[in-house]
Each structure stands twice: as C-alpha cells, then as structure tokens.
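The values are calculated or read from the model by the stated rules, or taken from the named source; none is laboratory data. Owing to the predicted nature of the structure, the values given are computational and were not obtained by experimental measurement. Positions of Cβ are backbone-derived with ideal geometry, glycine not excepted, and every protein chain shown enters the neighbour counts. Remember, those area values only see protein heavy atoms, side chains included, never the ligands or the DNA or RNA. Shrake-Rupley method; radii C 1.70, N 1.55, O 1.52, S 1.80 Å.
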Amino acid sequence: MRQGYRKYKPFLPIDLPDRTWPGKRLTKAPAWCSVDLRDGNQALVNPMNLEQKLEFFQMLCEIGFKEIEVGFPASSETEYEILRALIERDLIPEDVTVQVLVQAREHLIRRTFEAIRGAKKVIIHFYNSTSTLQRRVVFHTDMEGVIQIAVDGARLIRRLTEEHMAKEDVDIRYEYSPESFSGTEPENAVRICDRVLEELGATPERKAIINLPNTVELSTPNTYADQVEYLCRHLRHRDCALISLHPHNDRGTAVAAAELGQMAGATRVEGTLFGNGERTGNVDLMTLAMNLYSQGVDPGLDFSHMNHVKHVYEECTSMQVDKRHPYAGELVFTAFSGSHQDAINKGVNYMAQKSSPYWEVPYLPIDPADLGRQYEPIIRINSQSGKGGAAFVMRQTFGYLLPKAMHAEFGSLVKAACDSAGRELRPGEIFSLFRREYLEVTQPYHLLTYKIFEENGGEGQVLVDFEGTVRYAHQTKAVSGKGNGPIDAFFNALRTIGLTEYEFVSYSEHAVSGGADSKAVSYIQLRHGDQVVFGVGEDHNISIASIKGIICAINRGEARRAAQGR
C-alpha cells in the first residue's frame, strides 16, 4: 500500500481566481428534494417493499418535503408500482410534486410518461453521463456524441409533455442532470446544459432545473463550489435555470460540498435522510437542515420528532442511524467528559437565571428539546466524568439540587463506583448510590422521636425547643435543647450527649416534586477538625428534614473517622 498511491491521479483545481462564494453565508433554506425512495432505496441490501415505501413517503410529507423523487418507473415493475399506488390511492398532497427519474433514452422516456398519468404535479428528471472517464471507458464517444444524447432526450420529453398536458390537467416541470458533473470539464458541462435548456424551451418564467451531481466525490468541497460558480457564470441561459445540487459522500464531505455549492449559486439540494445512498451515501438533508436551524435560519423542514423519523427510517430500510450521527445519534447530546459536563451544567443554570432569548449552552449547539429529545440524558456518567456531571443527573432526572460545595464529594463517590463497575452508571444507579450514601444512613446515631415547638424568649425573641430521643451504641438517650431555630436547637440538644466536635458550616434546602406529596430536602455541611462532611435529610416537614440532614452528616463523619482509624 505504501507505493499504491502512485496509481491515483490528483484532481485539478478550477481556474477561478475571482471566485465570490467564500465571502457569502447561507441565510435562506434551499428547495429540498428527497431522493430516499430512489437513490436511497437502490442502495439498500433489501430494498423497501411497497408498503414501506408508502410509509416512508408519508413521513417525508410530514417533515415538509415538497419535492420527492419516488423512483425510476421505467426501470422495473417495482419502481413503476410505487408511483401508480401513490396516484391511484390519492396519497400525494396537493402541494407536493413527485419526481421521476429516467435516462435520456427513447423507450424509457415513453414508459415514464405512461407511469405519470393521473398525477397533478410532476418533475421529469432525465440524465446522461458526461464525465471524461465515462465518455472514454463506458460510451466510447466524444463530447458531441454525449450532447446529442441529451438533446434528443430533451426534444422528446418536451414533445411528450405537450401531448400529455393536452390530455390531462397536469403541471410538468423539467430537470436535467449531467451525471458525473464533478468529473466533467467545466466548459463541457456549460455547453451541454445550455443546449438542453434550449431544447426544453426553458424561460425565465418557466425555469428548468439544472442538477449538478457530485456523482462520485472526487475533490475537496471548495473545488465543487468552484465548478458550480463557474457554470453559473458561464451559462448563457442562466436566467432560465434553477441550479440544483446532488452531492455524494465518497470523501466524507458531502455536507460541506452542499453548503459551499449553495454559496456558489445553487438554490436547490437533492439528498436523503441520514445520508443513505450508494457507496458512502448521498448528502444528508437532515444535517443540512439542522445546520441552518442552528444558525437561526428556518430550514422549512420539521425534525421536532427526530426519534420518530429515526424509527421509521430504520424500520423501513433496515439501516441503523449511528450513535454519533449529527443531531440524530443517541450520543450526540451526551457528555461524558468532566469539563464538558461542568460547562453544560453552568450553561443550563445561566439560561435559567438570565432568561436569555438565545440558546447559550457550551457544547450543545442546539437545544435537544427542539428535536423532541428533552427526556434523554444530556450528561451520562462514566469514569471520565467530572464532579458536576453527577450533580446534573441528580437535578435533571430526579430534581435534587445539590449545592455546589457538595459536587466534589458526591462526584468522587460516583467516580469510584464507575471505576469499580468498569462501565457507565445509569441514572437509576446514581440515585441508588445517593440514597445509600445519604438518605439511608442510620448508624451510629439514629433519631427515634422528636418534637419541635416555639416559646417566647422575652423582649420579642422567639426561641425554638427541641425534645427527642436518640439511639447510640444500643442505648436510647433523651436529648433536648433551645436555640434561635430548629438547627441551632438540635445542635444544642446533641451537645448534651457529648457531640461537641462538629461545627455547622452551611445549609440549603428545596422541595422535591409538587402538590400534596411534596417533600423537603435539606443539605447540611459540617466541619470536624480539618475535614468537611455533607449530610442530606428528607421529610415533609422542612425543620425535620434539616435535623435528619445533621444526623446524616454526623453519621457519615463518624464512619469516615472510623475508616481512618481515628
């Protein structure tokens, strides 16, 4: 392989020193045409059956596609039947145009016009290959011979269209593709497209679609953009043409090629959902649309139910959407990295605090909720996760707002559990760890009974009394104390049984769930010497939740001291 590269010819750049497309930006969606039912279907190991095609067609309409290539009806009976089923079952919405593909060959063109009878809006998409390589290797002809094939096809299509429209109330539009445009000399691509436009009788009022297939992606996307701009500049009948793109993904840059090609002058794009197609696939229209969406541009396509779109696609095609596929993949809105998790957590908090009209969350270019994915985990926890990740899961999934000072302690517990398990921890496992470490800690101190009441302390001061019983070392002891509030009173009560070494540091609380079953959760931070420990308490009564949090912190502190041999 080390010397094998010598047998490949490098692509040649286009001589276009004054190109204008690099300084442009996309501010408007193109006209979209789905070719899933043709290009996508022919690339499947097991092509879709009729009912699957009909289901897929309906989904494309729901997404918002107004032009859908439904097949090559003259190529086979299965390709013919999908079009006839759509027409005869009256399944084509009034605002949707069906597109049919045909080679520039007479018997195929005539069969195509038989297939479209009864349709109301049709694009006749005809093509022939024009590349230097195919002229030499496949067709054994020169450019004049290739041009004649396209001209003869255009002439026949125009005549049959006039005959068809005289019999039926139908809107027929034309589309021509110089197949392998990306491998065709730019000047020859211009010549053949101009001749086709002339034969079709295209006008500024009745434009024909000139589709420029990157049939095999042979170069970097900037070169494809140069080819598109060259054609747009030199086409004599430019005002009679709507320029369309049809990129493939052989080099893995179809999306970039489509975006740069639009900057170069195209206003229409053909492609498939999730990039399905021959070899490495067609351009992914979903990614193109969502890229526009992420820049504040209405793409004209609706992917707010992305999981449904994925489900239909996978069921009909037997293909799988990769977990890292842009926007649609299972993991694309998921962060495992600690620094990413921390930034996302802070971004979500920032959005809540500032009420910003713009989406401003690091590492998330769009709001997952816009794709109907608000119930999926944005942050998932493994051994690479940081202290903020576990806190984010506790907040987003279970409603527990751990104070920032507690993130490091709980995060280290979760990280240790991930290391021990050797895998990602699911949210339920994280909550089980939280419950075990904080909510179910009852040793060595256990609060058995309690009563809190207020009394007048004189001079307008209100004191809180705490009375209760605590079990410690198999003994039950009565405790009581007074203070400025429940926490102070309980601390004073604990001092009566010798617990004097713990110092109160901080406290926070919030409600979990709403309505009559709402519970209060308190987070207590205590200091014992040079060590800090957290406790969590949960109860319908906020004062009791705080007291349980103190007991939890003390128990965890005592367990830590015992483990350290103190």
- Filter on Lys24/Lys66; Lys28/Lys53; Lys310/Lys404 - keep pairs with C-alpha separation over 28 Å: Lys28/Lys53; Lys310/Lys404
- Nearby lysines by direct alpha-carbon distance to Lys167 (threshold 18 angstrom, same-chain neighbours under 8 apart not counted): Lys120, Lys121
- Task: Considering only protein heavy atoms, with the full assembly of protein chains and a 1.4 angstrom probe, order Thr317, Thr78 by accessible area, largest first.
- Result: Thr78, Thr317
- Cα atoms only, the range 311-407: Rg and Dmax in Å? 14.8, 50
- Message: Using only the alpha-carbon atoms, how far is helix 254-263 inclined from the longest principal axis of the chain? Give it as 0 to 90 degrees, nearest 10.
- Response: 70 degrees
- Task: Mind ranking Thr469, Thr267, Thr161 by accessible surface for me, highest first, 1.4 Å probe?
- Result: Thr267, Thr469, Thr161
- In order through the range 51-62: 3J(HN,Hα) via Karplus (6.51 cos²θ - 1.76 cosθ + 1.60), integer Hz, x for Gly, Pro: 5, 5, 4, 5, 5, 5, 4, 4, 5, 4, 5, 5
- In this structure, among Lys354/Lys387; Lys387/Lys519; Lys451/Lys548; Lys387/Lys548, pairs with alpha-carbon gaps over 20 Å are Lys354/Lys387; Lys387/Lys519; Lys387/Lys548
- Per-residue HN-Hα couplings for the range 389-405, Karplus 6.51 cos²θ - 1.76 cosθ + 1.60 at θ = phi - 60°, whole Hz, x for Gly and Pro? x, 5, 5, 5, 4, 4, 7, 5, 9, 10, x, 9, 9, 5, x, 4, 5
- Message: For Lys482, give me every one of the aspartates and glutamates with a C-alpha distance below 14 angstrom, ignoring sequence neighbours fewer than eight places off in its own chain.
- Response: Glu454, Glu455, Asp465, Glu467
- Query: To the nearest 10 square angstrom, what accessible area does Lys548 show with a 1.4 Å probe?
  - Reply: 70 Å²
- Item | Neighbourhood charge, 11 Å Cβ-Cβ cut-off, centred on Thr267 and excluding it, Lys, Arg +1 and Asp, Glu -1 | +3
- Could you name the aspartates and glutamates whose alpha carbon sits less than 15 Å from that of Lys323, not counting residues in the same chain fewer than 8 places away? Glu314, Glu376
- Using a 1.4 Å probe, what is the accessible area per residue for the chain, in Å²? 47 Å²
- Item | Carbon and sulfur %, accessible surface of the range 216-312 computed with the full protein complex present, 1.4 Å | 51 percent
- Item | Euclidean distance of C-alpha centroids, the range 310-369 and the range 142-210, integer Å | 44 Å
- Query: Largest first, how would Val216, Val536 line up by accessible area (1.4 Å probe)?
  - Reply: Val216, Val536
